[in-house]
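Participant: Got a structure here, written out as structure tokens. Questions coming.
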Amino acid sequence: MSKVLLVHAKGGPPLGHVLSRTAAKAEVHLLALSALPPAVAGSARRLCASVVTPDDARRSDLVSLIVARAEAVGADAVLTFSEYAVVAVAEACEALGLAGAGSAAALARDKRLMRRAWRQLQLPQPEFRPVGTEADLRAAARSLPGPLLLKAAWSAGSTAHQIIRSPHEVPAAWARSCAVMAESAQLGYAELHVAEADADYVVEQIVSGTASDWFDEPGWGDYVSVEGVVANGTFHPVCLSGRMPTVEPFTERASITPALLARDAQDRIVDLARRAVDALGLRDCGTHTEIKLGADGSMWLIETAARFGGAMTVPQIEEVFGLDLVGMLVDHLLGHPVAWPEQALTPADARGAAGSLVVLAVDGRGRAWPDHKVWDFPAVSADIPLSRDSRLSVVAESSLPDGSTVPVYDPAAGANTMAALCLLSAADARTVLRDFETLVDALPRVLPAAQPQEVSA
């Protein structure tokens, strides 16, 4: 039986989903760079031939660590689904002579390199400047038309994002972004391989998106993601996922599969995603490309990742389109033939719809809840009426235990302040969107109030 070394770190699809699909294809050896979620620790040890958690000293040379472990278990493939380990795994695969994202993987991680590659081909994107110091940011704020968005070049999950509306906001924005990156690193949400990656930033012009020119009904966000894969250097689009509007500054609230777009609109979006992925020179990996939608058919590239979308994107695709993307990628990396979709699947190909909702302590307008609440999924499932035949569940490994105080939403920390991740399945994407709106409105009403001692804790 073929052997796979799976490198686990924070982020990406739920580990339980990834492990079960990988174990169905090969003998799995798990290299855990982050602690295993308690909800899947037991199943991980049943599904894996070995589970190794290296000490901090051995992580100083992450590529060598991965190579040594792969050689020790005789791995036929090495892969990760975490944004923070993509570059290290790609370099390890290069050293081992195994299929992987390739030497260009850093272009799909470092937003500065990514945007430069796209600029060389004149692909549409916001005007930007790389920045490494507060002085750089001040200079960029004087030269770029505002408002601006400051991003950490190696971040994920909308962490360390700061909107800058005038030059006098630069010092506070710079200090806050740097502080959030340090806090994220302590939580395990940081690049694991590239030294001093937390010092790299990019600032870009905020472009005006509009969903109304692309969707027939209100409630959709003004950006989508194109999910796909690169196999032997060829990009294969799989499908599109839509969004609810983000919470300020740009924290994602919900992903919905499929995106309810007309065929010609989807084709234009996929064409831009293809050009974006091709520009990065990736070889063998999943891809996740986010695209901002504007008026009169205009579009701007947000970013491309050399891995599948995080949260519940991959399980949503499996439920809606019947494609086990994890298993298909494992098969491909092992050299087995895989029948990738000939073109991006559409709502007409879908069997219902599915979406994931990030529970944040903000209402539908992005305003903070007036008081502190306790996360209680049984209360949510029992007391919030959803559409007939809609099914709601909680992703335990990505959620706080019931009885935990819901964190106060911090715009700079983004998804780091989420309380839970919920999955909803329904008859169609329109129903998922409406049920999510119902959930967002009802959560502060049905969740129990936190006691003062719980808030202070």
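Participant: Across the stretch 143-201, which residue is nearest to Arg129 (Cα to Cα) among those that are aromatic (Phe, Trp, Tyr) and not in a loop (DSSP other than H, G, I, E, B)?
Facilitator: At the first step, the residues of the stretch 143-201 found to be aromatic (Phe, Trp, Tyr) are 154, 174, 189, 201.
Then drop every residue that is not not in a loop (DSSP other than H, G, I, E, B), which leaves 174, 201.
Details: Trp174: 14, Tyr201: 9 Å.
Among those residues, the one meeting the criterion is Tyr201.
Participant: Here is a further query. Restricting the first residue to the stretch 176-188 and requiring it to be of a type outside the set (A, V, I, L, M, F, W, C), which pairs with a second residue that is surrounded by fewer than 18 Cβ atoms within 10 Å (Cβ to Cβ) meet a Cβ separation below 9 Å and a spacing of at least six or different chains?
Facilitator: The qualifying pairs are Gly188/Ala35.
Participant: OK, next. Report, by residue number, each residue of the stretch 115-132 that is in a loop (DSSP other than H, G, I, E, B) and free of Cβ contacts under 8 Å to residues at least 40 places away in the same chain.
Facilitator: Gln122
Participant: Test each condition in (1) in a helix (DSSP H, G or I); (2) of a type outside the set (Ser, Thr, Tyr); (3) buried (at least 18 other Cβ atoms within 10 Å of the Cβ) for Asp441 and report the one that comes out false.
Facilitator: Unmet condition: (3).
Participant: Kindly provide the set of residues from the stretch 69-85 that are surrounded by 15 or more Cβ atoms within 10 Å (Cβ to Cβ) and either in a helix (DSSP H, G or I) or hydrophobic (A, V, I, L, M, F, W, C) (or both), ordered by number. Let's see the steps before the verdict.
Facilitator: So in the stretch 69-85, the residues surrounded by 15 or more Cβ atoms within 10 Å (Cβ to Cβ) come out as 69-70, 73, 75-85.
Matches in the stretch 69-85: Arg69, Ala70, Val73, Ala75, Ala77, Val78, Leu79, Phe81, Glu83, Tyr84, Ala85.
Participant: Kindly evaluate Ser64 against the criterion of being surrounded by fewer than 22 Cβ atoms within 10 Å (Cβ to Cβ) and not assigned by TED's automatic domain parsing to the domain that holds Leu30.
Facilitator: Details: surrounded by fewer than 22 Cβ atoms within 10 Å (Cβ to Cβ): yes; not assigned by TED's automatic domain parsing to the domain that holds Leu30: no.
The answer is no for Ser64.
Participant: Would you please list the contacts, defined by Cβ atoms under 8 Å and residues six or more apart or on different chains, that run from a residue in the stretch 102-114 that is among the hydroxyl-bearing types (Ser, Thr, Tyr) to a residue that is crowded, with 19+ Cβ neighbours inside 10 Å?
Facilitator: So the pair list comes out as Ser103/Ala90; Ser103/Glu91.
Participant: In this structure, is Ala44 assigned to a strand (DSSP E or B), closer than 22 Å to Asp331 by Cα, not assigned by TED's automatic domain parsing to the domain that holds Val395 and not hydroxyl-bearing (Ser, Thr, Tyr)? Spell out how you get there, then give the answer.
Facilitator: Numbers: assigned to a strand (DSSP E or B): no; closer than 22 Å to Asp331 by Cα: yes; not assigned by TED's automatic domain parsing to the domain that holds Val395: yes; not hydroxyl-bearing (Ser, Thr, Tyr): yes.
In short, no.
Participant: Quick check on this structure: which one of Ala72, Ala23 is out of contact with any His (no Cβ under 9 Å at 6 or more places or on another chain), modelled with pLDDT of 95 or more and farther than 19 Å from Ala305 by Cβ? Full working, then the answer.
Facilitator: Values: Ala72 fails: out of contact with any His (no Cβ under 9 Å at 6 or more places or on another chain).
Checking each option against the conditions leaves just Ala23.
Participant: Only residues that are within 26 Å of the chain's Cα centre (by Cα) and either surrounded by fewer than 17 Cβ atoms within 10 Å (Cβ to Cβ) or farther than 23 Å from Thr246 by Cβ (or both): list them for the stretch 370-385, please.
Facilitator: Listed by number, the residues that qualify are Val374, Asp376, Phe377, Ser381.
Participant: Looking at Ala197, Ala160, Ala153, Ala185, which is the one that is at pLDDT 85 or above and not assigned by TED's automatic domain parsing to the domain that holds His8?
Facilitator: Values: Ala197 fails: at pLDDT 85 or above; Ala160 fails: at pLDDT 85 or above; Ala185 fails: at pLDDT 85 or above.
None of the others qualify; the one that does is Ala153.
The values are calculated or read from the model by the stated rules, or taken from the named source; none is laboratory data. The structure presented is a predicted model; accordingly, all values stated were derived computationally and were not measured. All Cβ positions, glycine included, derive from the backbone under ideal geometry; neighbour counts span all protein chains shown.
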